[in-house]
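Only one structure is covered here, and it is reproduced in the block below.
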Amino acid sequence: MTQTPTPPPTEVAPSPEVTPQRAASLEGLAPADVDFAPPLVHATRIALHLLGKGVSIGWLMAGMGTSGENRTTPSVAECLRAAGRAGLKSHVAERENIQSISPLTLPCILLLKNDRSCVVTRIQGEMVEAIFPEDCIRGESDYPTPRKLLAQQLNDDYTGYCIFVSLEEQPDTRISPLTPNKERRWFWDVFTHYLPIYKHVALASVLINLLGIASSLFAMNVYDRVVPNSAFDTLWVLAAGVCLAYFFDWLLRNLRGYFVDVAGHNADVVLSSKLVSKILTMRMSVRPESTGALISNIKEFESLREFFSSSSLLVLVDLPFLLLFLWLISFIAGPMVLVPLVAIPLMIISGFVIQRIAKREAERSYAQTMQKGALLNEIVNGLETVKSCSAEAHMLRKWELVVDDSAEASSRSKRYATLSTTVSSGISQMVTVAMIVWGVYRISTGELTMGGLIASNILVGRAMAPLMQIASMLNRLQHSRLTLQVLDKLMELPSENDEGQAHVDFGHIQPAYTLEGVTFFYPGSTVAGLKEVNLHITPGERVAIIGRMGAGKSTLGKLLMGFYPPAEGAVRFGGVDLRQIDPSDLRSRLGVLPQDVVLFHDTIRNNIALGMPSVSDRLIMRAAYLSGALEFIQSNPAGFGGRVGERGMNLSGGQRQSIALARALLLDPDVLVLDEPTSNMDNATEAIIKQRLGKVLAGKTLILITHRLSLLDLVDRLIVVEGGKIMADGPKQDVLQLLSHTPPPVREPHEGASHA
Ligand code: ADP
């Protein structure tokens with residue numbers, strides 16, 4: 001167990017010259033022997049195993065982040081959250097010493113000093129049996145046998161905190177029709193989780209509404225008692241009282257806003273994390289076609305969250321007080337309460353009717369907004385191409401057309417929104433007029449006082465206020481409902497690590513590939529990307545896949561990485577069907593360089609160590625040396641701390657490729673799948689990489705997708721793909737000889753500077 005602490009990225013200095021001695025020391029480094037998983041991750045895996053659930057370290061590590069710039073190890077919460085995906089229920093508890101842990105709660109994880117941990121399996125008097133992660137052998141599926149030791153010995157190391165674990169009961173598939181769709185509840189579950197905060201909101205609302213009566217009582221008493229008698233003392237007492245009431249009203253409104261914000265903020269963090277986590281684990285075969293539309297949808301989530309946690313919902317809390325106000329009006333003004341009693345249903349019905357008519361427009365406007373997002377994304381990402389093809393005017397025209405449609409749809413939708421607001425405010429104004437006219441008649445017959453008329457008018461205003469807001473709330477509800485529908489669909493898409501899938505730790509699988517009758521179609525395509533492919537690649541074999549552009553070479557590579565499942569046949573890794581291996585397990589064994597290299601807006605160091613922040617700088621240096629990146633990193637004043645820009649824009653195509661190659665080589669994986677690794681590089685750099693790679697490839701399985709003859713020196717076997725089928729497969733010399741008699745599918749390196 002070696003955990004290498006890593007200094008913050010900014011501390012990485014530019015690397016010195018690559019001397020022969022230095023090169024030898026970098027080549028000799030064997031990162032495969034280094035264990036990057038923290039002890040707690042091992043302990044969690046052991047606990048899960050003891051509870052009957054086998055998961056691998058790779059799977060657990062894939063489910064956790066290392067948040068914070070300078071943090072390299074996951075926190076306890078992150079680790080337990082990752083284990084929760086496998087159905088582990090856990091809670092951290094404080095226990096003074098090991099003897100105070102009940103044997104009935106075992107196994108339990110103990111948090112030890114210096115970030116260590118162990119799993120206690122038995123407590124018997126003064127003796128304890130515990131499994132220590134440091135006894136694990138990396139990559140083995142074996143679990144170490146418990147060590148017997150005195151409780152006192154363990155107590156010396158114990159921090160006082162332990163984690164109790166148990167497995168969640170998984171409902172039987174037979175009863176699944178009774179349980180509601182889990183993905184559909186993603187939003188409401190989180191939202192209702194924070195509902196308890198709303199009890200404070202409800203309490204504040206009760207008080208605010210009660211205080212609201214104060215102003216009407218004040219006006220009534222002033223007009224009926226103070227004005228006729230010129231009772232100035234009473235006036236001042238009443239004024240002081242009403243000011244105090246207004247002060248508390250102000251205080252409570254602020255408090256209510258604060259609680260609503262707290263609930264909204266908490267729900268926001270959890271919900272947006274759920275959304276992005278869904279996108280990260282989404283199966284490639286169901287990935288939405290438009291990135292821009294997807295981003296727009298996620299942005300719309302903001303409005304959804306805002307709606308459900310904002311003050312607009314407070315209207316619903318205020319609604320029950322309508323009855324209180326109506327009762328007060330009937331108490332003060334008798335039958336005049338009929339006016340609001342008739343107006344209220346009118347207002348609600350008109351609001352709902354207009355919303356129903358506006359529904360179609362709102363949907364059209366939503367779709368147009370998505371289209372706008374998709375086009376904008378395409379324009380910004382393809383700016384260089386647009387400029388180089390002088391297609392600015394064409395793109396602008398396309399944009400104007402979309403914006404025109406979108407603006408029209410949105411203005412139609414807004415027209416309905418305005419209509420519903422104006423109808424409700426019109427009704428409210430009519431109510432005031434009717435109340436005053438009727439009130440004057442009642443005053444003339446002595447059935448109502450002047451103060452009573454004013455008070456009942458104030459009360460009617462207060463009663464109608466939440467109803468007026470209902471109109472605008474219904475408009476926003478329409479929009480939020482659409483967003484929720486779209487996001488519900490997104491959340492229902494299958495994930496690579498869907499719950500319910502059995503997680504099995506296969507241990508150290510042999511790095512061999514077998515393809516049996518594999519046929520594959522891209523989503524939505526009727527033409528097979530691969531047809532009836534049969535193939536076996538033994539561990540340690542070095543194979544090149546060659547063929548014309550569009551032949552299916554990269555498609556084959558994607559299937560080997562488990563990005564897509566085959567439509568027919570099976571892809572096996574070490575004899576196990578890829579559909580049974582967890583994708584994160586498989587990918588932890590692979591070093592992959594995709595054809596389209598993507599770097600992230602960060603330092604060169606962090607781009608090489610993507611997803612592995614705890615990797616030591618020496619290993620990063622080694623990977624950069626092997627991939628030929630070290631040379632240009634040296635010439636950069638910021639060295640490994642240099643920023644690569646968004647999508648790696650600050651670097652050349654070849655530099656980006658060498659950084660991505662370093663990423664693939666970082667952990668010395670058993671299998672390397674390299675898709676056109678040097679297509680953007682010059683011949684000299686390619687020669688350097690070839691020579692350096694040649695030295696470290698011993699024992700590794702290499703799958704090289706290329707059309708550059710010069711790279712074939714690295715392989716012993718050639719597979720020729722044509723139209724999704726394997727046309728030739730055999731030792732390099734034999735296949736090359738065969739190809740020399742048929743039209744060549746490969747080109748000379750100088751011709752093939754741009755890849756297929
Ligand atoms: P190459 O041999 O040049 O690497 P690919 O394997 O990338 O070729 O592509 C093989 C065929 O699959 C091509 O005809 C291409 O049009 C199609 N294809 C590639 N990627 C996709 C995709 N994401 N969706 C649909 N079709 C695709």
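The values are calculated or read from the model by the stated rules, or taken from the named source; none is laboratory data. Quick caveat: nothing in here was measured; it's all calculated off a predicted structure. Counting neighbours? That spans all protein chains shown, and the Cβs are built from the backbone with ideal geometry, glycine included.
State yes or no: is Val92 closer than 17 Å to Arg147 by Cβ, assigned to a strand (DSSP E or B) and assigned by TED's automatic domain parsing to the domain that holds Leu40?
So Val92 does not fit the description; no.
Just need a number here: residues in region 380-439 that are in contact with a Ser or Thr (Cβ under 7 Å, 6 or more places away or on another chain) and surrounded by fewer than 17 Cβ atoms within 10 Å (Cβ to Cβ).
0
Here is a list: Ile620, Ile659. Which entry is closer than 21 Å to Lys700 by Cα and either among the small types (Gly, Ala, Ser) or at pLDDT below 90 (or both)?
None of the other options fit; the residue is Ile620.
Between a first residue in region 721-737 that is touching a residue at least 24 places away in the same chain (Cβ under 8 Å) and under 15 Å from Leu704 (Cα atoms) and a second residue that is within 16 Å of the ligand (Cβ to nearest atom) and in a helix (DSSP H, G or I), which pairs have beta carbons less than 6 Å apart while being 6 or more apart in sequence or on different chains?
Partner pairs satisfying both residue conditions: Val721/Lys553.
Just name the residue that is surrounded by the most Cβ atoms within 10 Å (Cβ to Cβ) out of those in region 318-341 that are over 27 Å from Tyr198 (Cα atoms) and within 49 Å of the chain's Cα centre (by Cα).
Here the answer is Pro340.
Quick check: anything in region 498-516 within 16 Å of the ligand (Cβ to nearest atom) and either within 30 Å of Ile537 (Cα to Cα) or not in a helix (DSSP H, G or I) (or both)?
Yes, some residue in region 498-516 is within 16 Å of the ligand (Cβ to nearest atom) and either within 30 Å of Ile537 (Cα to Cα) or not in a helix (DSSP H, G or I) (or both).
In region 93-101, is there at least one residue being in contact with a strand residue (DSSP E or B) (Cβ under 8 Å, 6 or more places away or on another chain) and either at pLDDT below 65 or surrounded by 18 or more Cβ atoms within 10 Å (Cβ to Cβ) (or both)?
Checked region 93-101: at least one residue is in contact with a strand residue (DSSP E or B) (Cβ under 8 Å, 6 or more places away or on another chain) and either at pLDDT below 65 or surrounded by 18 or more Cβ atoms within 10 Å (Cβ to Cβ) (or both).
Go through region 522-534 residue by residue and tally those that are near the ligand (Cβ under 7 Å from one of its atoms) and in a strand (DSSP E or B).
Selection size over region 522-534: 1.
If we scan region 262-284, do we find a residue that is farther than 23 Å from Asp189 by Cα and at pLDDT 75 or above?
Yes, region 262-284 contains a residue that is farther than 23 Å from Asp189 by Cα and at pLDDT 75 or above.
Looking only at residues that are polar (S, T, N, Q) and out of contact with any strand residue (DSSP E or B) (no Cβ under 8 Å at 6 or more places or on another chain) in region 652-682, which one is surrounded by the fewest Cβ atoms within 10 Å (Cβ to Cβ)? Working first, answer last.
Restricting attention to region 652-682, the residues satisfying the condition of being polar (S, T, N, Q) are 652, 655, 657-658, 678-680.
Retained after the next criterion (residues that are out of contact with any strand residue (DSSP E or B) (no Cβ under 8 Å at 6 or more places or on another chain)): 652, 655, 658, 680.
Values: Ser652: 12, Gln655: 23, Ser658: 30, Asn680: 18.
It comes out as Ser652.
For region 536-546, state whether one or more residues are touching an Asp or Glu at 6+ places or on another chain (Cβ under 8 Å), surrounded by fewer than 16 Cβ atoms within 10 Å (Cβ to Cβ) and under 21 Å from Gly730 (Cβ atoms).
Yes, region 536-546 contains a residue that is touching an Asp or Glu at 6+ places or on another chain (Cβ under 8 Å), surrounded by fewer than 16 Cβ atoms within 10 Å (Cβ to Cβ) and under 21 Å from Gly730 (Cβ atoms).
Could you please find all residues in region 255-309 being farther than 23 Å from Lys558 by Cβ, among the polar types (S, T, N, Q) and surrounded by fewer than 17 Cβ atoms within 10 Å (Cβ to Cβ)?
Listed by number, the residues that qualify are Asn266, Ser272, Ser273, Ser303.
Pick from region 45-60 the residues that are more than 16 Å from Cys108 (Cβ to Cβ) and part of a helix (DSSP H, G or I): which of them is farthest from the chain's Cα centre (by Cα)?
Ile57
Among the residues of region 233-240, is any surrounded by 15 or more Cβ atoms within 10 Å (Cβ to Cβ) and assigned to a helix (DSSP H, G or I)?
yes
Just one of Ser390, Ser428, Ser410, Ser472 is on the phi > 0 side of the Ramachandran plot and of a type in the set (Ser, Thr, Tyr); which is it? Spell out the reasoning first.
Values: Ser428 fails: on the phi > 0 side of the Ramachandran plot; Ser410 fails: on the phi > 0 side of the Ramachandran plot; Ser472 fails: on the phi > 0 side of the Ramachandran plot.
Matching residue, one of Ser390, Ser428, Ser410, Ser472: Ser390.
Hey, can you tell me all the residues within region 717-743 that are touching an Asp or Glu at 6+ places or on another chain (Cβ under 7 Å) and not in a strand (DSSP E or B)?
Selection gives Lys732 alone.
Looking at this structure, is Ser710 of a type in the set (S, T, N, Q) and at pLDDT 85 or above?
So Ser710 fails the test.
Mind counting the residues in region 540-567 that are more than 31 Å from the chain's Cα centre (by Cα) and more than 10 Å from the ligand (Cβ to nearest atom)?
Of the residues in region 540-567, 5 are more than 31 Å from the chain's Cα centre (by Cα) and more than 10 Å from the ligand (Cβ to nearest atom).
Tell me the residue from Leu718, Leu672, Leu697 that is more than 16 Å from the ligand (Cβ to nearest atom), modelled with pLDDT of 85 or more and of a type outside the set (Ser, Thr, Tyr), please.
Leu672
Would region 575-593 turn up any residue that is surrounded by fewer than 24 Cβ atoms within 10 Å (Cβ to Cβ), under 30 Å from Ala528 (Cα atoms) and within 16 Å of the ligand (Cβ to nearest atom)?
Within region 575-593 (the criterion being surrounded by fewer than 24 Cβ atoms within 10 Å (Cβ to Cβ), under 30 Å from Ala528 (Cα atoms) and within 16 Å of the ligand (Cβ to nearest atom)), the answer is yes, since at least one residue qualifies.
In this structure, is Lys690 away from the ligand (no atom under 16 Å from the Cβ), of a type outside the set (A, V, I, L, M), farther than 20 Å from Gly574 by Cβ and touching a residue at least 60 places away in the same chain (Cβ under 8 Å)?
In short, no.
Before we move on, is Val423 closer than 27 Å to Ile470 by Cα and free of Cβ contacts under 8 Å to residues at least 12 places away in the same chain?
no
Looking at (1) at pLDDT 90 or above; (2) within 11 Å of the ligand (Cβ to nearest atom); (3) among the hydrophobic types (A, V, I, L, M, F, W, C), can you tell me which one Ile537 breaks?
(2)
If you scan region 686-710, which residues turn out to be over 23 Å from Arg656 (Cβ atoms) and among the β-branched types (Val, Ile, Thr)?
Thr701
Quick one: in region 625-638, of everything that is without any contact (Cβ under 8 Å) to a residue 40 or more places away in the chain and touching a helix residue (DSSP H, G or I) at 6+ places or on another chain (Cβ under 8 Å), which residue is surrounded by the fewest Cβ atoms within 10 Å (Cβ to Cβ)?
Result: Phe632.
Of the numbered conditions (1) outside any strand (DSSP E or B); (2) crowded, with 18+ Cβ neighbours inside 10 Å; (3) within 16 Å of the ligand (Cβ to nearest atom), Val571 fails exactly one; give the number of that condition.
Result: Val571 fails condition (1) only.
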